[in-house]
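Notes follow the structure.
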Amino acid sequence: MGQEPAVIDVHCHILPGLDDGAHTFETAIDMARAAVVGGASGIVCTPHHLNGVYKNPGSLVLHALADLRQRLADADIPLGLFPGAEIHLVPELPSRVLDGSALTYNDRGKAALVELPKNTVPRGSEVILGQLLRHGITPVIAHPERNLVLARHPNRLAEWIDWGCKIQLTAQSCSGDFGERLQRLSRRWLELGWVHLVASDAHRPTGRSPDTLSVARACVAEWLGEDAATLLTLDNPRRLLEGTDLLALPPCMRADTTPLGGDWLRFLPWQRRAR
Ligand SMILES: [Fe+2]
């Protein structure tokens with residue numbers, strides 16, 4: 001333990017029994033142990049909210065968080081837990097964030113993790129994102145590389161970044177676990193300076209696990225250097241927790257701006273499953 005570089009994971013489904021992540025306290029504790037092995041000192045608990053299946057109001061999340069904190073303390077696991085939510089991009093999102101029923105990062109009212117459907121960008125998305133921004137709440141777009149429309153039309157994402165949205169990639173997209181093409185897309189967006197955070201989006205103690213973040217961090221360090229890897233996995237996560245603005249990577253001169261070419265999107269893992 002403690003051999004991996006320090007990270008803070010800002011997207012993780014570790015709270016038990018709230019969504020499709022950990023189902024039991026035992027599973028959650030196994031995920032916490034995996035996170036510590038991967039160098040994590042903290043995890044933001046981000047259960048699904050408003051995605052049509054799970055609601056998880058803030059009060060419930062805070063209660064579950066307190067329970068798990070106590071369990072980790074009892075098990076002597078040195079891992080900080082912080083409140084949050086992965087909020088589906090729906091019209092009621094801004095009002096739910098403003099009334100506190102949907103949790104922002106560390107409950108500070110400064111930044112919210114926003115999830116899109118996999119295959120579409122819903123009509124009115126820009127209006128909703130604009131409403132959040134006008135209220136001083138920074139949308140952190142969860143894994144846009146896994147959205148079919150944004151992967152195909154990245155200029156739309158670039159426009160959101162210009163407005164002030166921040167970008168969180170999934171660790172397994174960077175590491176290549178989700179395929180070589182998605183890894184190339186992730187690397188390109190990293191080199192363009194579009195990415196602010198990399199997080200595990202872990203749901204289990206193994207496979208989609210918290211320690212995937214350390215593997216992704218090593219990839220980012222290889223591509224962009226140690227400082228960039230630290231910014232995306234430790235410094236910017238700290239800023240989220242403090243409620244301060246995230247820093248952007250400088251665009252990298254190595255960024256390949258040629259089109260990826262072909263109908264490579266057909267090879268994305270969820271597209272394969274849909275066929
Ligand atoms: Fe998630």
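Ranked by the mean number of other Cβ atoms within 10 Å of their residues, highest first, the peptides 189-198, 59-68 come out as 189-198, 59-68. Placing pseudo-labels 7 Å out from each Cα toward the beta carbon at ARG238 and SER59 gives an inter-label distance of 3.6 nm. Distances between placed amide hydrogens fall under 5 Å for LYS166 paired with VAL140, ILE141, all partners being 5 or more residues away or on another chain.
Quick one: grab the alpha carbon gyration tensor of segment 1-138, order the square roots of its eigenvalues as a ≥ b ≥ c, and give me rounded if a/c is under 1.5, else prolate or oblate depending on whether a/b is larger than b/c. Taking the square roots of the gyration eigenvalues as a ≥ b ≥ c, segment 1-138 is prolate. Simple spin-label estimate for GLU26 and LEU133 gives 4.8 nm between the two label positions (7 Å along the Cα-to-Cβ direction from each Cα). Computed with the Debye formula from one identical point scatterer per Cα of the chain, without solvent, the log10 of I(q)/I(0) at q = 0.15 Å⁻¹ comes to -1.10. Annotation: amide H of THR104 within the under-5 Å range of GLY109, sequence separation 5 or more or interchain, hydrogens built in the peptide plane. Accessible area per residue for the chain is 43 Å², calculated with a 1.4 Å probe on protein heavy atoms, without ligands, DNA or RNA.
When each of the peptides 111-119, 229-237, 137-145 is scored by how many other beta carbons lie within 10 Å of its residues on average, the order from highest to lowest is 137-145, 229-237, 111-119. Atom-type composition of the exposed protein surface of the chain places 51 percent of the accessible area on carbon and sulfur (1.4 angstrom probe).
Extension gain for HIS153 to ALA73 (0.36 nm times residue separation, less C-alpha to C-alpha distance): 24.3 nm.
Taking 0.36 nm per residue of separation and subtracting the current Cα-Cα distance, fully stretching the chain between ASP162 and VAL37 would add 41.4 nm. Per-residue 3J(HN,Hα) values for segment 21-30, derived from phi via the Karplus relation 6.51 cos²θ - 1.76 cosθ + 1.60 with θ = phi - 60°, read x, 4, 9, 10, 4, 4, 5, 4, 5, 4 Hz in sequence order (x marks Gly and Pro).
Note that segment 168-183 has calculated 3J(HN,Hα) couplings of 10, 8, 7, 3, 6, 5, 5, 6, x, 4, 9, x, 5, 5, 5, 5 Hz, one per residue in order, obtained from phi through the Karplus relation 6.51 cos²θ - 1.76 cosθ + 1.60 (θ = phi - 60°); glycine and proline are x.
Sequentially through segment 5-13, phi angles give Karplus couplings (6.51, -1.76, 1.60; θ = phi - 60°) of x, 5, 9, 10, 9, 9, 8, 7, 9 Hz, Gly and Pro residues having no value and appearing as x. Summarising the amide proton neighbourhood of GLU86: residues at separation of 5 or more, or on other chains, whose placed amide H is nearer than 5 Å comprise HIS48, HIS49.
The values are calculated or read from the model by the stated rules, or taken from the named source; none is laboratory data. Predicted model only: the values in this text are computed from it and were never measured. Cβ atoms come from the backbone with ideal geometry, glycine included; neighbour counts cover every protein chain shown. Just so you know, the surface numbers come from the protein's heavy atoms only, side chains and all, with ligands and any DNA or RNA stripped out. Shrake-Rupley method; radii C 1.70, N 1.55, O 1.52, S 1.80 Å.
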